[in-house]
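Before any comments, here is the structure.
The values are calculated or read from the model by the stated rules, or taken from the named source; none is laboratory data. Note that the structure is predicted; figures quoted are calculated from it, not measured. No Cβ is skipped: glycine too gets one built from the backbone with ideal geometry, and neighbour counts run over all protein chains shown.
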């Protein structure tokens, strides 16, 4: 998937995919669609496989954070895009979350949004020569901006095009603030790539504030909180009662580029 990084946040155009492009993204170069139950068994059963972290294997008691995006419920309103820009204080045109439209695959137009996949088998982690991109103990793909040398190997390796590179220092006002939120993290420096974090800063502060990610708004990714149709759900897939576990229950579900074996943590629910 190619990111339209030249688009401004205030004058954004919907990128339309051909049927062939859309199916290629969903099915992974011809891999067929899998039923939701099969994907649950393979990717996020309660005994989900351990995720390689910077300090070794994760404890099975760690949460298995994941996001579901319901293609039937998404109305293409861009609120998730704008909130992401505001909360993470990204530069204009540097979209961590993009939106594309498909008008041909299903009976009605479908909007597909794409954050970072936070893959279990993340190519960006494998190629980083200085371990600036790494798996957190909870399995999310994170970055150490102080360690990063700006080689951009991670950008080349990512099959989803989720990263943007800071060629210049970001000193401009954020056009999405305050309408869609206020910055909650520092701006990244010049010379490093950046990407969606699943609003990891909210997850990290949740326990000390007595909040539950996926349930409490202040502990849940901004893109999920702001969605007016609840097309985006987040939570711990080891918890069968979490919002994300409940969202995928009984639904036909796909992951992007399944054939690559990256095991994304973002699951798309197909229209019924």
Tally the residues that are in a loop (DSSP other than H, G, I, E, B) and within 15 Å of residue 256 (Cα to Cα), restricting the search to the stretch 100-114. 0
What pairs come up if the first residue lies in the stretch 87-99 and is part of a helix (DSSP H, G or I), the second is at pLDDT 95 or above, and their beta carbons are under 6 Å apart, counting only those six or more places apart or on different chains? 87/181; 87/184; 87/222; 88/185
Within the stretch 227-242, restricting to residues that are over 14 Å from the mean Cα position of the chain (by Cα), in contact (Cβ under 8 Å) with a residue 40 or more places away in the chain and surrounded by 21 or more Cβ atoms within 10 Å (Cβ to Cβ), the one that is nearest to residue 184 (Cα to Cα) is 227
Leading residue by the ranking (surrounded by the fewest Cβ atoms within 10 Å (Cβ to Cβ)) among those in the stretch 243-272 that are in contact (Cβ under 8 Å) with a residue 24 or more places away in the chain and more than 18 Å from the chain's Cα centre (by Cα): 272
In the stretch 151-165, how many residues are touching a residue at least 60 places away in the same chain (Cβ under 8 Å) and either in contact with a strand residue (DSSP E or B) (Cβ under 9 Å, 6 or more places away or on another chain) or assigned to a helix (DSSP H, G or I) (or both)? 4
Test residue 168 against the criterion of being out of contact with any strand residue (DSSP E or B) (no Cβ under 8 Å at 6 or more places or on another chain), part of a loop (DSSP other than H, G, I, E, B) and buried (at least 18 other Cβ atoms within 10 Å of the Cβ), and give yes or no. no
Test set (1) at pLDDT below 95; (2) in contact with a strand residue (DSSP E or B) (Cβ under 6 Å, 6 or more places away or on another chain); (3) part of a loop (DSSP other than H, G, I, E, B) - residue 49 fails condition number: (2)
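Can you work out which of the residues in the stretch 137-150 that are at pLDDT 95 or above, part of a loop (DSSP other than H, G, I, E, B) and within 27 Å of residue 237 (Cβ to Cβ) is nearest to the chain's Cα centre (by Cα)?
140
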Would you confirm, using the coordinates I've provided, whether residue 178 is part of a loop (DSSP other than H, G, I, E, B), out of contact with any helix residue (DSSP H, G or I) (no Cβ under 8 Å at 6 or more places or on another chain) and farther than 18 Å from residue 257 by Cα? no
The lone exception for residue 109 - which of (1) closer than 30 Å to residue 271 by Cβ; (2) touching a residue at least 40 places away in the same chain (Cβ under 8 Å) it fails: (2)
Starting from the stretch 129-141, keep only residues that are more than 20 Å from residue 202 (Cβ to Cβ), then list their pairs with residues that are at pLDDT below 95 and not in a strand (DSSP E or B) whose Cβ atoms are within a distance under 8 Å, requiring at least 6 positions of separation or different chains. 131/54
Quick one: count up the residues across the stretch 188-225 that are assigned to a helix (DSSP H, G or I), in contact (Cβ under 8 Å) with a residue 40 or more places away in the chain and crowded, with 22+ Cβ neighbours inside 10 Å. 4
Of the residues 173, 183, only one is free of Cβ contacts under 8 Å to residues at least 40 places away in the same chain, within 15 Å of residue 85 (Cβ to Cβ) and either part of a loop (DSSP other than H, G, I, E, B) or in contact with a helix residue (DSSP H, G or I) (Cβ under 9 Å, 6 or more places away or on another chain) (or both); which? 173
